[in-house]
Amino acid sequence: MKKNAFTLAEVLIVMALIGFLFTLMLPTLVQKQSSTKYIESLKTAQDKLQTALDMTAKDNNNLPPHDWPSVRTSTNKSDAIMKELAKHLQIMSYCGSSSKGCFSQNNYRTLNGKNTSIIVDDMEPNNQTINQDEFTESDFYNQDESGWGEVNPLPQMEYTEALPEFSSTYISLLDGGSVVLKTNSTKCDRLLLSTDTLERPLCGIIYVDVNGQSIPNMLGVDVFGFYLSNNSIIPMGFYGDDFSFDYNCLRETPRARNTNGLGCTAWAIKNRNMEYRKCQAGTRISWTKATRCDSPPTQK
């Protein structure tokens with residue numbers, strides 16, 4: 001009777017095919033695994049920074065950062081704010097105004113692979129401001145029982161001018177991440193631009209490299225951005241952010257060349273994925289469309 005069996009050549013051919021298919025799948029598997037790790041580290045960094053901000057605000061009568069006494073009297077606003085936050089963070093290195101020793105000194109890249117100097121660049125100026133010295137008539141007078149009173153101006157806080165106006169302060173954390181805080185004003189009187197009707201004060205911006213000086217050093221992959229708005233840490237690219245996900249989280253043909261990828265931050269936190277590395281934001285995926293590249297197109 002003839003036995004059914006594979007020859008050695010057939011076995012080798014099958015093994016070669018399996019190996020070839022595995023090599024095709026390996027990059028996708030590695031990217032998915034690394035994306036999950038980066039997202040978890042990003043969420044942890046956000047939680048740590050927000051907790052430190054909450055505790056620091058509590059230490060300072062729940063005032064926003066620019067009203068903290070040590071910040072009001074300092075000429076270097078980013079340094080003064082960071083030193084207050086440092087009291088509630090596990091810091092390994094305090095690098096001050098230089099990124100050396102805290103962030104990688106090799107090139108950082110945007111999401112589409114272009115070199116960027118955003119980590120060491122000053123925070124951009126913002127001409128739109130919020131009038132924080134507004135008052136109502138009832139605040140301005142001491143009224144007696146008759147309803148009349150004398151003019152009684154409210155006491156005004158004094159602020160030491162920021163010199164220089166733009167400043168950056170770098171730290172590295174014990175968990176391996178790196179953080180830089182950038183400011184561009186004496187007070188939190190800048191306006192965070194958005195497409196909705198809310199007025200959000202802009203005190204500064206924060207960039208986080210979740211794995212410190214290790215590669216890939218790419219915006220939207222292991223480097224993310226937040227706004228410091230009073231006592232809140234707001235991820236860049238949120239739905240309604242003028243610095244939108246659709247135009248600042250692009251794997252190709254970006255409009256924001258030096259910052260492309262920072263607009264991915266809110267998406268990565270909210271949707272727990274980096275699908276923007278697989279397909280173009282604003283086309284297949286968007287805040288108002290699908291959250292996965294392989295989802296069926298939205299029916300119109």
Of the residues in the stretch 229-259, those that are hydroxyl-bearing (Ser, Thr, Tyr), surrounded by fewer than 20 Cβ atoms within 10 Å (Cβ to Cβ) and not in a strand (DSSP E or B) come to 239, 247, 253
Checked pairs for the stretch 275-298, first closer than 18 Å to residue 261 by Cβ and hydroxyl-bearing (Ser, Thr, Tyr), second open to solvent by less than 30 Å² (accessible area, probe 1.4 Å) and not in a loop (DSSP other than H, G, I, E, B), C-beta under 6 Å and 6 or more apart or across chains, list as 276/264
Using the structure shown, decide if residue 267 is in a helix (DSSP H, G or I) and among the aromatic types (Phe, Trp, Tyr). yes
Selected residue [under 27 Å from residue 100 (Cβ atoms), at pLDDT below 95 and either surrounded by fewer than 12 Cβ atoms within 10 Å (Cβ to Cβ) or out of contact with any Gly (no Cβ under 8 Å at 6 or more places or on another chain) (or both)] from 124, 199: 124
Unmet criterion (only one of (1) under 30 Å from residue 278 (Cα atoms); (2) surrounded by 13 or more Cβ atoms within 10 Å (Cβ to Cβ); (3) free of Cβ contacts under 8 Å to residues at least 60 places away in the same chain; (4) among the polar types (S, T, N, Q)) for residue 115: (2)
Report whether or not residue 226 is among the aromatic types (Phe, Trp, Tyr), open to solvent by less than 10 Å² (accessible area, probe 1.4 Å) and either in a strand (DSSP E or B) or in contact with a helix residue (DSSP H, G or I) (Cβ under 8 Å, 6 or more places away or on another chain) (or both). yes
Members of the stretch 66-85 that are surrounded by 15 or more Cβ atoms within 10 Å (Cβ to Cβ), of a type outside the set (Asp, Glu) and out of contact with any strand residue (DSSP E or B) (no Cβ under 7 Å at 6 or more places or on another chain): 66, 68, 71, 72, 74, 80, 83, 85
Are any of the residues in the stretch 246-253 of a type in the set (Asp, Glu) and within 18 Å of residue 39 (Cα to Cα)? no
Identify, by number, the condition in (1) at pLDDT 95 or above; (2) surrounded by fewer than 23 Cβ atoms within 10 Å (Cβ to Cβ); (3) closer than 24 Å to residue 87 by Cα; (4) in contact with a Lys or Arg (Cβ under 6 Å, 6 or more places away or on another chain) that residue 172 doesn't meet. (4)
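The values are calculated or read from the model by the stated rules, or taken from the named source; none is laboratory data. Since the structure is predicted, the reported quantities are computational estimates derived from the model, not experimental observations. No Cβ is skipped: glycine too gets one built from the backbone with ideal geometry, and neighbour counts run over all protein chains shown. Ligands, DNA and RNA are excluded from the accessible area calculation, which covers all protein heavy atoms including side chains. Shrake-Rupley method; radii C 1.70, N 1.55, O 1.52, S 1.80 Å.
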